[in-house]
Amino acid sequence: MKLTILGCYSATPRALTNTTSQVLEINNHMFLIDCGEGTQVELRKHKIKFNRIKHIFISHLHGDHFFGLVGLISTFRLLTRETDLHIYGPKGIKEVVTLQMKLADSWTNYKLIFHELTSENSELIFEDEEVQVLTIPLNHRIYTNGYLFKEKEGNRKLDIGLVEEANINIAYYRKLAQGFDVVNDDGVLINNKTVTKPGLKPKSYAFCSDTMYKEDIVPIIKNTDVLYHESTFLEKHAYLAPKTKHSTAKEAASIAKQANVGTLLLGHYSTRYEGLNAFKQEAQEIFENVELCEDGKTFNF
Ligand SMILES: [Zn+2]
């Protein structure tokens, strides 16, 4: 998996920082997560091929998370896109996008497919042979979901020496990789586990923005490899967190610790702060493995 941070600040785009948007490359997918103003410019800067984006996941309808969406949809049209585009987001997202297009008499020549979300519980919203995407219901001022991206258990690895020794026909190698027991050329049933090893451990990524401290999400994101959790405030402004339904760096760290995640990524910083180091320091008082998101940064995991 490769995660590219296009923007990781809250509120407004500024000369050198952007509002929330990320691209997650997972297996053959290029998932766009949130789409703040200017996202298409950042996609160009990072040379991300527009056509590879087929799924966009929007957490909520505050402007700093989706004001770039209509612009991106419109640009796709100008570039004569033909590929379907799936958009996942809160109920209302279809109305807000189509109203702007309708008033501009500007329809897409590709298929725009909306998946509007209303559930208060985690639900499976995308699945193919290799990947699953689930919602993570968050607690913010308006209806908001985070998203959990999970690779499925991969194929088993064949131990070719043992496979040959067991006299298994090459025609069955695919079945072996899929975990089936097969009959060898002597008519004997071979137990899969005696000739294969588990494949690579499937990876997972949880995106949680925006939300106030919400322990209910812990079971959903348990043991996730990488957790992005918003940390709008430092401790000196902790009193603002419940009021605005955001989190502090320490609260993000507490969720990471309880969920036993591998790495915590911090972001959605309030633009009132000068530097970012204090976010890391405060979080590390609770959870050691913390990384700071910064616009343009990539994480491979
Ligand atoms: Zn918000």
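A compact table of results
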quantity: Helices (runs of 4 or more DSSP H) wholly inside segment 19-89 containing at least 2 residues that are of a type in the set (Val, Ile, Thr) and more than 16 Å from residue 4 (Cβ to Cβ); calculated: 69-78
quantity: Evaluation of residue 97 against (1) open to solvent by less than 10 Å² (accessible area, probe 1.4 Å); (2) out of contact with any Phe, Trp or Tyr (no Cβ under 9 Å at 6 or more places or on another chain); (3) assigned to a helix (DSSP H, G or I); (4) within 27 Å of residue 244 (Cα to Cα) (one fails), failing number; calculated: (2)
quantity: All positions within segment 30-78 that are open to solvent by less than 10 Å² (accessible area, probe 1.4 Å), aromatic (Phe, Trp, Tyr) and within 16 Å of the ligand (Cβ to nearest atom); calculated: 57
quantity: Any hit, segment 269-277, residues being open to solvent by less than 60 Å² (accessible area, probe 1.4 Å) and closer than 22 Å to residue 32 by Cβ; calculated: yes
quantity: Selection within segment 202-232 - open to solvent by 30 Å² or more (accessible area, probe 1.4 Å) and among the aromatic types (Phe, Trp, Tyr); calculated: 213
quantity: Matching residues, segment 265-287, being of a type in the set (A, V, I, L, M, F, W, C) and touching a helix residue (DSSP H, G or I) at 6+ places or on another chain (Cβ under 6 Å); calculated: 266, 279, 283, 286, 287
quantity: Selected residue (criterion: surrounded by the most Cβ atoms within 10 Å (Cβ to Cβ)) from residues of segment 136-162 that are within 16 Å of the ligand (Cβ to nearest atom) and in a strand (DSSP E or B); calculated: 146
quantity: Filter pass, residue 16 being buried (at least 23 other Cβ atoms within 10 Å of the Cβ), under 24 Å from residue 247 (Cα atoms) and away from the ligand (no atom under 16 Å from the Cβ); calculated: no
quantity: Considering residues of segment 164-177 that are within 14 Å of residue 194 (Cα to Cα) and assigned to a loop (DSSP other than H, G, I, E, B) only, the residue most open to solvent (accessible area, probe 1.4 Å); calculated: 167
quantity: Residues (of a type outside the set (Phe, Trp, Tyr), open to solvent by less than 10 Å² (accessible area, probe 1.4 Å) and in contact with a strand residue (DSSP E or B) (Cβ under 7 Å, 6 or more places away or on another chain)) located in segment 79-94; calculated: 85, 87, 89, 90, 93
quantity: Some residue of segment 30-38 being closer than 22 Å to residue 114 by Cβ and more than 14 Å from the chain's Cα centre (by Cα); calculated: yes
quantity: Cross-chain or 6+ apart pairs with Cβ under 9 Å, segment 231-252 first and of a type in the set (Phe, Trp, Tyr), then in a loop (DSSP other than H, G, I, E, B); calculated: 233/239; 233/246; 233/247; 233/270; 233/272; 233/273
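The values are calculated or read from the model by the stated rules, or taken from the named source; none is laboratory data. All figures in this text were calculated on a predicted structure; none of them were measured in a lab. Heads up, the Cβs are rebuilt from the backbone with ideal geometry, glycines too, and the neighbour counts pull from every protein chain shown. Surface areas here come from the heavy atoms of the whole protein model, side chains and all, with no ligands, DNA or RNA. Shrake-Rupley method; radii C 1.70, N 1.55, O 1.52, S 1.80 Å.
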